[in-house]
1. In vacuo Debye scattering of the range 111-175, one point per C-alpha: log10 I(q)/I(0) at q = 0.16, 0.20, 0.23, 0.26 Å⁻¹?
2. Fewest Cβ neighbours within 10 Å first, please rank 72, 29 accordingly.
3. Grab the beta carbon distance between residue 62 and residue 151, set R0 = 30 Å, and tell me the FRET efficiency rounded to 0.05.
4. Please give the length that would be gained between residue 165 and residue 19 if that part of the chain were fully extended, namely 0.36 nm times their separation in residues minus their C-alpha to C-alpha distance (nm, one decimal).
5. What does the highest-first list of 160-167, 75-82, 143-150 look like by mean Cβ count within 10 Å?
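Every read-out reported here was derived from the displayed coordinates using simple, explicitly stated rules and does not represent laboratory data. On a predicted model such as this, the values are computed, not experimentally measured, just so you know. A quick note on method: Cβ atoms are made from the backbone with ideal geometry, for glycine too, and the neighbour counts reach across all protein chains shown.
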Amino acid sequence: MTGRLGGYVKVAAPATEADFDELYRTQWHHMVRLALLLVDDVESAKDCVQDAFVGLYRRPLRNPDAQLGYLHRSVVNAARSTLRRRGTARRHLRNAELEVVPDAEHAVIVSAEHAALMAALRQLPQRQREVLVLRYWSGLAEAEIAAALGIRPGTVKSAASRALTALENKLGGLR
């Protein structure tokens with residue numbers, strides 16, 4: 001059973017190896033883009049997505065409708081962990097911070113025309129950035145975002161409003 005949901009192909013729960021392969025094939029690129037918007041590093045984004053799929057493969061979900069939500073939540077949580085580890089490393093290695101050089105795929109995944117928006121998005125607080133990415137990139141509804149982030153729908157609304165106002169102030173005329 002397939003259908004469209006916010007730019008994603010909705011696929012039934014992976015009951016077989018072939019079903020899992022199809023889910024991976026249809027969702028991998030979308031999940032990498034989601035992670036990339038949160039961590040801004042292609043290799044880290046790929047690692048986040050790979051961990052999410054490994055988790056789903058090891059423990060298949062009984063509810064077929066829950067797998068996209070699981071992947072979203074897993075990718076967001078992995079991105080948070082990546083950023084937390086990165087912050088810890090930077091605090092301990094302030095003088096030896098490495099410059100991240102994007103690989104060849106970076107130009108394909110994040111085009112130059114979105115550089116200003118990406119820079120402004122990176123300046124937002126983490127929760128606001130996550131809400132905007134899940135809403136506008138992943139096309140999730142407020143309830144789905146709330147479930148993915150473990151927050152209330154009202155918090156999603158206020159975070160989105162504050163984030164859009166901040167982006168409008170930085171970029172001018174976004175809304």
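1. At q = 0.16, 0.20, 0.23, 0.26 Å⁻¹ the computed log10 ratios are -0.49, -0.75, -0.94, -1.12.
2. Working: 72 26, 29 11.
Least to most surrounded, the residues fall as 29, 72.
3. On the way: r = 25 Å, r/R0 = 0.83.
Computed FRET efficiency for residue 62 and residue 151 comes out at 0.75.
4. Values: separation 146, 0.36 × 146 = 52.56 nm, distance 4.18 nm.
The span from residue 165 to residue 19 would gain 48.4 nm if fully extended.
5. Ranking, from highest mean packing down: 75-82, 143-150, 160-167.
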